[in-house]
Amino acid sequence: MCTSFVFNGNRTIVGWNLDILDMEYRVSAGEERVCIEINDAKEGWMPLFGANARGDFVAMPTCWPYDGRSDPSAQRQSNLLMLDIDLLLERRTLAEVRRIAESGAVCSVPGVTFQAQLSDRTGNVLQIIPGQGQRYLERPRFAVMTNFSPFKGDSERHPWMGLDRYETAAKALEGAQDSFGVAECFKLLRRTAQTVCPTVVSMAYDAEENAVYWCERQNWSDIRKQKMCGRQG
């Protein structure tokens, strides 16, 4: 269960709550990127979420309920996790990922529907739901993704879909001022944080500053900061 949002006011602000249970993670921070890595039993440490110095942000919530159309079905499909890693590590651009997504040749992993909300430094947003589609939003006022498909909305119910978190974030961002910044972002991250499947990392990215702020395990008084190098995409 995770929450992702992008807000475009006087500056582009991205918020991300990573909610996981019984998984080993670590935050890796440097001038090239700030990412959250997950320790996979087979692949080792995988950089799956966060921002790079070019200004791309990768958020990848699980989509509930699972949809079998996201399973791999052809050899020439691109796995969403690998696309996200390639974007985060600057092996691909958002435009390149968009072209692949628009071709329909994107899958998730067998038995799990991952979805992605990707953004660039100027605040453009790409949402990908394998097997269901993609949509590109050119600098929207805001965009929110939790754990249900934006193509299905609330037509299918699941206890982990995060409709309440979505509505909380969307309502707050709809009424947000142009001055919305990192402080306001953390207030909203705190409102959408979870306890049952706990929020382990809360992250805010300020595109103008090209800096990532984060705290771990909802320790809101211990927010860290990493400014990245000023490379343009």
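The values are calculated or read from the model by the stated rules, or taken from the named source; none is laboratory data. All values reported here derive from a predicted model rather than from experimental measurement. Surface accessibility is based on the protein's heavy atoms, side chains included, excluding ligands, DNA and RNA. Shrake-Rupley method; radii C 1.70, N 1.55, O 1.52, S 1.80 Å.
The table for this structure:
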{"item": "Pairwise centroid distance, computed over Cα atoms, of the stretch 113-165 with the stretch 201-231, Å", "result": "22"}
{"item": "Diffusion constant of the stretch 117-233 at 25 °C, which comes from Stokes-Einstein with the Kirkwood Cα-pair radius and 0.890 mPa s, µm²/s", "result": "155"}
{"item": "Value at 222 nm in deg cm²/dmol, rounded to 500, when DSSP H runs of n ≥ 4 in the chain each add -39,500 (n - 2.57)", "result": "-5000 deg cm²/dmol"}
{"item": "Extension gain (nm, one decimal) between residue 183 and residue 218, 0.36 nm per residue minus Cα-Cα", "result": "11.1 nm"}
{"item": "Mean separation of Cα contacts under 8 Å, 6 or more apart, over the residue count of the chain: relative contact order %", "result": "28"}
{"item": "Gyration tensor verdict on the chain (Cα atoms; rounded if a/c is under 1.5, prolate if a/b is larger than b/c, oblate otherwise)", "result": "rounded"}
{"item": "Most mobile of 171, 152, 42 in a GNM of the chain (Cα contacts under 10 Å)", "result": "42"}
{"item": "Net length gained if the chain between residue 139 and residue 229 were fully extended (0.36 nm per residue, minus Cα distance)", "result": "30.1 nm"}
{"item": "Normalised contact order of the stretch 1-130, rounded percent, pairs of Cα under 8 Å and 6 or more residues apart", "result": "24"}
{"item": "Surface per residue (accessible, 1.4 Å probe) for the chain, Å²", "result": "45"}
{"item": "Apportionment of accessible area to carbon and sulfur, the chain, percent (1.4 Å)", "result": "46"}
